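First the structure, in the form of structure tokens, and then the observations on it.
Please treat every number below as a calculation from the coordinates, not as lab data. In this text the structure is predicted, and so the values were computed from the model without any measurement. For neighbour counting, all protein chains shown are included, and Cβ atoms are generated from backbone atoms with ideal geometry for every residue, glycine included.
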Amino acid sequence: MTTRTIDVAGLSELVDHLWALGYEVWGPQIDNGVIVPGVLPSVRDLPLGWTDEQEPAHYRTLRRGDGARFGYAVGPRSYKELLHPPEQQVWSMTRDDEGELTVTMTEPEPVRRAFFGVRPCELAAIGRQDRVLTDGPHPDPVYGTNRAEVLIVTVDCGDPAATCFCPSLGTGPRSGPGYDLAITELADADLSGRDSRYVVRVGSPKGQVILDAVPSHPTPPHELAAADAVVAAATDTMTRNLDTDRIKVLIYDNLDGPQWDRVAERCLACGNCTFVCPTCFCTNLEDVTNLAGDETTRWRVWDTCFSTEFSHLGPGPVRDSTASRYRQWFSHKLAGWIDQFGESGCVGCGRCITWCPVGIDITTELAVMRAGEEAVR
Ligand code: SF4
Ligand code: SF4
């Protein structure tokens, strides 16, 4: 594995070079008070000197005291929106004056995109979605088309949020497999960030060719050590933990416990936790007909297991209580996924904790369940 160091000019050339190669570059930027992926014209558009503060049901951006360009954790929107869009037209149908119907299937258009500044948990989430939506028995053509030409540049986390717990799932704060390039930022103490350094690891032949095109120098031992220290310090700051020991058995043994009713007293069944989750992939189909009645479009839209319609069968919803819907989400995410896909459906990004309007915390709920079981023993 090649490791090289680039300076700010090199980072800037890297983004420019991706555009020159025909990639639409997406990266973090401030949008409506949150740091989320957006089209990134240049390095100047990164949130230089900004960070975020996150707690259960709390998020805000604030200034940092240094020149970091990647000194924050994940925001409410993830790259899932580009790979598995919230709304996707499936087909349209028209009726002419003679009543003849014409159906036109919507073919997904491939877009060459570079995801720049992807966090390790986000990379792991893309891996989870790959497994479900491209590698499984029912590959999704929309996801497959959107995913086919994606280049991924990750940035290891140096400043995780209080809601993050990626070490519990082994998904961060250092980038795992699947990237083309992985960066660790050595942030300049000066607010200008002009002397920041970026230690870059190569993860694929494509990444190597791209790194070779920008000015870099061999990473000296002290910068390698500094990059390791950034990741180690990030790990040390994360105190939230999801204890995965016997997790499947624990959850399956507690499907009928009293905990679900207690959570339901607070849960609004709003579905926020599923919409912000980078691994949730459930959808519904909706037909929209114009007022003249001669044109219909069918849309695939994100759905949530927190809606009563989600489990609606002939006689009504199978899961008609908030308690049963929270249990479904929690037990599928942390246990059922392991049976279905061989790994957890959670990557420890903490979004469902930050963006739950009443601050319900998946790690606390698991700890409460574990404590309850231990008290009975
Ligand atoms: S369940 Fe919550 S912490 Fe886990 S991946 Fe989804 S949003 Fe992130
Ligand atoms: S757990 Fe929180 S975010 Fe999820 S549905 Fe309930 S209130 Fe909404």
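Run the reach check for K248 against aspartates and glutamates, Cα to Cα strictly under 16 Å, same-chain hits fewer than 8 apart removed. What comes back?
Within the straight-line limit of under 16 Å, K248 reaches these aspartates and glutamates: D256, D339, E343, E365, E373, E374.
For region 295-308, take each phi angle, set θ = phi - 60°, evaluate the Karplus expression 6.51 cos²θ - 1.76 cosθ + 1.60, and give the result in whole Hz per residue in order, putting x for glycine and proline.
8, 10, 10, 9, 10, 9, 10, 4, 10, 9, 6, 8, 8, 5
What list of ³J(HN,Hα) couplings, whole Hz, do you get for region 23-28 from phi and the Karplus terms 6.51, -1.76, 1.60, once you set θ to phi - 60° and write x for glycine and proline?
Once rounded to whole Hz, the list reads 7, 7, 8, 10, x, x.
Lys and Arg at +1, Asp and Glu at -1: add these up for the other residues within a Cβ distance under 10 Å of A187 and post the number.
-3
Along each of its three principal axes, how wide is the spread of alpha-carbon positions in region 181-320, in whole angstrom units, largest first?
Principal-axis extents of region 181-320 (Cα, largest first): 68, 51, 33 Å.
Inverting the mean 1/r over all pairs of different Cα atoms, compute the Kirkwood radius of the chain and quote it in Å.
22.3 Å
If I histogram all Cα-Cα distances within region 247-376 using bins 10 Å wide from 0, what percent of pairs lands in each bin?
Answer for region 247-376: a P(r) of 11, 38, 33, 11, 5, 1, 0 percent.
How big is region 43-145 by the Kirkwood estimate over distinct Cα pairs, in Å?
About 17.4 Å for region 43-145.
Would you mind ranking Y179, Y252, Y59 by Cβ crowding within 10 Å, fewest neighbours first?
Fewest to most other Cβ atoms nearby, the residues stand as Y252, Y59, Y179.
Roughly speaking, what is the centre-to-centre gap between region 127-169 and region 247-304 when only Cα atoms are used, to the nearest Å?
20 Å
Quickly estimate the mean residue ellipticity at 222 nm for the chain, helices only: each DSSP H run with n ≥ 4 gives -39500 (n - 2.57), and the total goes over all residues, rounded to 500.
For the chain, the value works out to -9000 deg cm²/dmol.
Please list 3J(HN,Hα) in residue order for region 102-111, calculated via the Karplus relation 6.51 cos²θ - 1.76 cosθ + 1.60 where θ = phi - 60°; whole Hz, with x for glycine and proline.
For region 102-111, the Karplus curve yields 10, 9, 10, 6, 8, 8, x, 9, x, 10 Hz.
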